[in-house]
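Only one structure is covered here, and it is reproduced in the block below.
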Amino acid sequence: MKIEDIDKNFKQAQIGDIKFHFFDVTQPPFSLEGFPWRKKKDKGFYRLPKNLTKEQVNEGALFLGNQTAGGAVRFRSDSKIIAVRAKLAYSSDMNHMPRAGSAGFDLYRGTGKHAIHCGTAQPSRDQIDLETILFENDGGETFDWILNMPLYGGAESVEIGILPDAKLEKPTPHKVKKPVLFYGSSITQGGCASRPGNAYTSMLCRAVDAPQINLGFSGCGRGEEAMARTIAELDLAAFVMDYDHNAPT
């Protein structure tokens with residue numbers, strides 16, 4: 001006997017015969033947040049400027065920039081079912097952290113402090129292609145939605161699936177227009193949160209209804225001058241400096 005036969009909450013939602021229209025989250029009307037230096041022509045999701053070198057910033061941070069901590073997709077829809085389809089750059093499976101947090105996606109309905117968690121998708125061990133339903137309801141009302149991306153995994157592509165007759169619109173603007181940027185260590189990146197929406201950066205930005213930029217790099221937030229200058233280029237609502245656990249001195 002399998003646990004999903006006993007408790008339906010352990011059963012992973014399936015796409016089955018349901019028809020979806022899938023949309024690339026890098027295109028309108030989606031609002032893609034957390035990648036301030038990403039160009040429209042860029043593939044994948046990278047948290048840092050691509051012109052930074054290992055002579056300027058430690059190699060670990062440059063590698064971890066491929067991990068999508070703080071990345072989020074916002075939109076409005078009246079779809080009764082919402083799915084996600086993603087091609088991961090790699091899976092992230094660690095023995096001290098839930099895979100739902102390190103490599104999974106989670107979906108919230110609503111805005112700001114009123115947003116509620118509606119579903120989580122996590123890949124199986126070493127799974128790269130992920131396709132699953134995140135929300136299913138008999139309603140049909142129009143809501144704001146936010147999809148949080150993996151904290152330690154990376155993604156080559158992410159698509160949102162809605163029912164063919166559903167509408168898709170740009171999201172309601174944040175109350176705080178400019179982003180809050182967090183720079184720091186593994187604590188900032190999201191280790192070891194149970195899912196992306198439970199990283200402290202995500203929780204704080206929901207509380208004040210602001211976009212976030214997560215520049216947490218596990219073991220590699222070392223406060224280089226080039227990183228300071230890079231952050232100073234951005235127009236921010238607030239800057240949270242939390243890198244003392246990785247500071248060289």
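The values are calculated or read from the model by the stated rules, or taken from the named source; none is laboratory data. The shown structure was predicted, so the numbers you read here are calculated from the model rather than taken from an experiment. Methodologically, a virtual Cβ is constructed for each residue, glycine included, from the backbone with ideal geometry; neighbour enumeration extends over all protein chains shown. With ligands, DNA and RNA removed, areas are computed over all heavy atoms of the protein, side chains included. Shrake-Rupley method; radii C 1.70, N 1.55, O 1.52, S 1.80 Å.
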Checklist entry - For the pair Ile231 and Lys178, how long in nm is the line joining their label points, each one 7 Å along Cα→Cβ? => result 1.5
Item to check | Long pairs among Lys80/Lys177; Lys43/Lys87; Lys80/Lys113; Lys113/Lys177; Lys41/Lys87, criterion Cα-Cα beyond 20 Å | outcome: Lys80/Lys177; Lys80/Lys113
Item to check | Helix-derived mean residue ellipticity, 222 nm - over the chain, DSSP H n ≥ 4, -39500 (n - 2.57), to 500 | outcome: -3000 deg cm²/dmol
Item to check | Thr53 versus Lys170: modelled label distance in nm, points set 7 Å from Cα along the beta carbon direction | outcome: 3.9
Item to check | log₁₀ of I(q)/I(0) at q = 0.17, 0.18 Å⁻¹ - the chain, Debye sum with one point per alpha carbon | outcome: -1.31, -1.46
Checklist outcome for this item: Using a 1.4 Å probe on heavy atoms of the protein chains only, the accessible area for Ser157 in Å², nearest 10, reads 50
Checklist outcome for this item: For the chain, whose charge dipole is built from +1 on Lys and Arg Cβ atoms and -1 on Asp and Glu Cβ atoms, the candidate among Ala89, Gly16, Gln212 with its Cα farthest towards the positive end is Gln212
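Test of the criteria: in region 88-168, which trypsin sites (Lys or Arg not before Pro) are in a DSSP loop and have at most 15 other Cβ atoms within 10 angstrom of their Cβ? Write down the numbers at each step before the final one.
Details: sites: Arg99, Arg109, Lys113, Arg125, Lys167; in loops: Arg125, Lys167.
Those that pass, being in a loop and sparsely packed, are Arg125, Lys167.
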Checklist entry - Which aspartates and glutamates does Lys40 reach when only Cα atoms under 17 Å apart count, and residues fewer than 8 places away in its own chain are ignored? => result Asp24, Glu156, Glu159
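When only Cα pairs under 8 Å and 6 or more residues apart are kept, what is the percent relative contact order across the chain? Mind showing how you got there, number by number?
Working: 619 pairs, mean separation 63.4, N = 249.
Computed over the chain, the figure is 25 percent.
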Checklist outcome for this item: At R0 = 25 Å the Cβ-Cβ FRET efficiency linking Phe63 and Ser157, nearest 0.05, sits at 0.80
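If you filter region 1-104 for GluC sites (Glu not before Pro), then keep DSSP loop positions with at most 10 other Cβ within 10 Å, what is left? Write out the running numbers ahead of the final one.
Details: sites: Glu4, Glu33, Glu55, Glu59; in loops: Glu55.
Of the GluC sites (Glu not before Pro), the ones in loops of region 1-104 whose Cβ has at most 10 other Cβ atoms within 10 Å are Glu55.
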Checklist entry - Using a simple spin-label model with points 7 Å from Cα along the Cα→Cβ vector, what separation in nm is obtained for Thr249 and Ser124? => result 5.2
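Dividing the convex hull volume of the Cα atoms of region 126-249 by its residue count, what figure in Å³ per residue is obtained? Display every interim value, and only then the final one.
Details: hull volume 18.9 nm³, N = 124.
In region 126-249, the Cα convex hull volume per residue is 152 Å³.
Could you rank the peptides 115-122, 16-23, 223-230 by their average count of other C-beta atoms within 10 Å per residue, with the highest value first? Mind showing how you got there, number by number?
Numbers: 115-122: 18.1, 16-23: 12.4, 223-230: 14.5.
Going from most to least packed, we get 115-122, 223-230, 16-23.
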